[in-house]
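Once you've had a glance at the structure underneath, I'll fire off some questions.
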Amino acid sequence: MSHHQYPTELHTVCDVVRWAMSEMERFDVSLGHGTADYWEEATFLVLRTLKLPFDRLEAFWNAHLTQDELWEVLKNIESRVHNKVPAPYLVHEAWLTEHPFYVDERVLIPRSYIAELLEEGLEPWVEPENVHTVLDMCTGSGCLAILAQMAFSKAQVTGADISADALEVAKINRSKYGLDDTLELVQTDIFSHLGKRKFDLIISNPPYVTQQAMEELPAEYRHEPALALEAGDDGMDFMRRFMPALKEHLTENGVAIVEIGDGREAFEAIWPELPVTWLSTEEEEDMVFAVRAEDLQHL
Ligand SMILES: C[S@@+](CC[C@H](N)C(=O)[O-])C[C@H]1O[C@@H](n2cnc3c(N)ncnc32)[C@H](O)[C@@H]1O
């Protein structure tokens, strides 16, 4: 669709949200990047394109858009509906718990279940006063490292990622949250550039998507970096390298909290004896496990 073909009947916020919803339904848009239905998806996309808060819709519902705004909104709706670009990439913003992060196609769109657990300070797994050092392995946009810094304000937090591109985005978020002087970012393939450093807490949301699941993913996910998702036949490619090295990088009473999606069965096939604890969040179970340093001696 080109500019001159846009419907001329659209004038207000209500008009464009309504149109976006119809188009999403008509062209079978997939959700999965932060919204529950087309209403949420359309209001998020439209309101944030207009730089308006999406939780005070009634104030703007009947407001007319300028010509330039209308053009920008319709362009974003077109990219969302026809190119299946996830909304956070179009408005450069993704929300995790109550916090917004800058995003673009260099990083996975934040949606980790670990965010919710961090809100509760990872209780009962860690005692906040004993957490002096934290590593967020596979930090991507830096979202979990930043939430960890909020949860453990006195701790030295490090975010690590193999992708220089992702780390550029993490730097943007680090500045946004005023953490330039405190949050460390390191480019490293797993622990390779972290020497013998040990941490009281390691959190990680690594790539864990199986080959088959990769092939079946809706088009939206193909806009995300494959490096952030792909983990081989059984989804355990990253974990096979990470788990054996993990114990060398945890302090004596250290704890690791790791998200592996639907990977529990594959994980247990590799490490049947390892005493990890599967955690539940509001919506999901068995997506995240906790393991103590002492238990990793069994590896
Ligand atoms: C699933 S994303 C998670 C990003 C972010 N922590 C989040 O929750 O939104 C996984 C991240 O792991 C990084 N990654 C992949 N392989 C890696 C490796 N061998 N070492 C370090 N990071 C890696 C990718 O670049 C990507 O940013």
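A short reminder: the numbers here are calculations on the coordinates, not readings from a lab. None of the values given here were measured: they were computed from a predicted structure. Please note: Cβ atoms are built from the backbone with ideal geometry, for glycine as well, and neighbour counts cover all protein chains shown.
Classify region 165-299: rounded, prolate or oblate, from the alpha-carbon gyration tensor (a ≥ b ≥ c, eigenvalue square roots; a/c under 1.5 rounded; otherwise prolate if a/b is larger than b/c)?
Note, shape of region 165-299 comes out oblate.
While we're here: Under 13 Å between alpha carbons, and skipping anything fewer than 8 positions from LYS196 in its own chain: which aspartates and glutamates qualify?
Correct list for LYS196: GLU248.
Here's a follow-up. List ILE162, ILE257 from most exposed to least, where exposure is judged by having the fewest other Cβ atoms within 10 Å.
With the sparsest Cβ surroundings first, the list reads ILE162, ILE257.
With both bridge residues required to lie in region 1-159, what share of the DSSP beta bridges run antiparallel, to the nearest 5%?
50 percent
Which listed residue (PRO110, LEU179, VAL209) has the Cα farthest towards the positive end of the charge dipole for the chain, taking +1 on Lys and Arg C-beta and -1 on Asp and Glu C-beta about the Cα centre?
Ranked along the dipole, the leading option is LEU179.
Okay, moving on. Can I get the semi-axes of region 211-281's equivalent ellipsoid? Compute them from the C-alpha gyration tensor as square roots of 5 times the eigenvalues, in angstrom, largest first.
Listed largest to smallest, the semi-axes of region 211-281 are 26, 14, 12 Å.
So, one more: Can you tell me how region 58-121 classifies by the Cα gyration tensor, rounded, prolate or oblate, using a/c under 1.5 as the rounded cut?
Because a/c hits 1.5 or more and a/b fails to exceed b/c, region 58-121 counts as oblate.
Further question: Quickly estimate the mean residue ellipticity at 222 nm for the chain, helices only: each DSSP H run with n ≥ 4 gives -39500 (n - 2.57), and the total goes over all residues, rounded to 500.
Computed ellipticity for the chain at 222 nm equals -9500 deg cm²/dmol.
Turning to a different aspect of this structure: Tell me, what HN-Hα J-couplings in whole Hz come from the Karplus equation 6.51 cos²θ - 1.76 cosθ + 1.60 at θ = phi - 60° for each residue of region 271-278, using x for Gly and Pro?
10, x, 8, 5, x, 9, 10, 8
Sticking with this structure for a sec: Measuring from label point to label point, each 7 Å out along Cα→Cβ, what is the GLN156 to GLU40 span in nm?
Result: 3.9 nm between the two label points.
Whole-Hz ³J(HN,Hα) for each residue in region 167-177, computed from phi via Karplus 6.51 cos²θ - 1.76 cosθ + 1.60 with θ = phi - 60°, x for glycine and proline: what do you get?
5, 5, 5, 4, 5, 4, 5, 4, 5, 3, 9
Quick one: grab the alpha carbon gyration tensor of region 120-204, order the square roots of its eigenvalues as a ≥ b ≥ c, and give me rounded if a/c is under 1.5, else prolate or oblate depending on whether a/b is larger than b/c.
Oblate, since a/c reaches 1.5 and b/c is not below a/b.
Considering amide H positions built from the backbone, and no H for Pro or chain starts, which residues 5 or more places from THR251, or on another chain, come under 5 Å of its amide H?
PHE199, ASP200
Related question: Ignoring the sites themselves, what is the longest stretch of the chain with no GluC sites (Glu not before Pro) in a DSSP loop and at most 11 other beta-carbon atoms within 10 Å?
Answer from the scan: 121-272.
Test of understanding: what is the full-extension gain from LYS75 to GLU9, defined as 0.36 nm times their sequence separation minus their Cα-Cα distance?
Residue separation times 0.36 nm, minus the Cα-Cα distance, leaves 22.2 nm.
Then there's this: Scan around LEU31 for amide H atoms under 5 Å from its own, H built in the peptide plane at 1.01 Å from N, and keep only partners 5 or more places away or cross-chain.
none
Say each of TRP278 and GLU248 gets a label point 7 Å from the Cα, pointing the same way as Cα to Cβ; how far apart are those two points in nm?
Label at TRP278, label at GLU248, 3.0 nm between them.
Over the residues of the chain, compute the C-alpha Rg and express it relative to 2.2 N^0.38 Å.
For the chain, the normalised Cα radius of gyration comes out at 1.08.
Here's a follow-up. If exposed means no more than 10 neighbouring beta carbons inside 10 Å and the site is in a DSSP loop, what's the longest run of the chain without any exposed trypsin sites (Lys or Arg not before Pro)?
Longest site-free region, per DSSP loop and neighbour criteria: 197-299.
Read phi for every residue in region 132-145 and hand back ³J(HN,Hα) as whole Hz from Karplus 6.51 cos²θ - 1.76 cosθ + 1.60, θ = phi - 60°, with x for Gly and Pro.
Whole-Hz 3J(HN,Hα) from phi for region 132-145: 9, 9, 10, 10, 9, 7, 6, 6, x, 5, x, 4, 6, 4.
Still on this structure, I have one more. I'd like the antiparallel share, as a percent to the nearest 5, of DSSP beta bridges with both residues in the chain.
Just about 40 percent of them are antiparallel.
Starting from the Cα of GLN211, step 7 Å along the direction of its Cβ; do the same at SER30; then give the gap between the two resulting points in nm.
The modelled label-to-label distance comes out at 1.9 nm.
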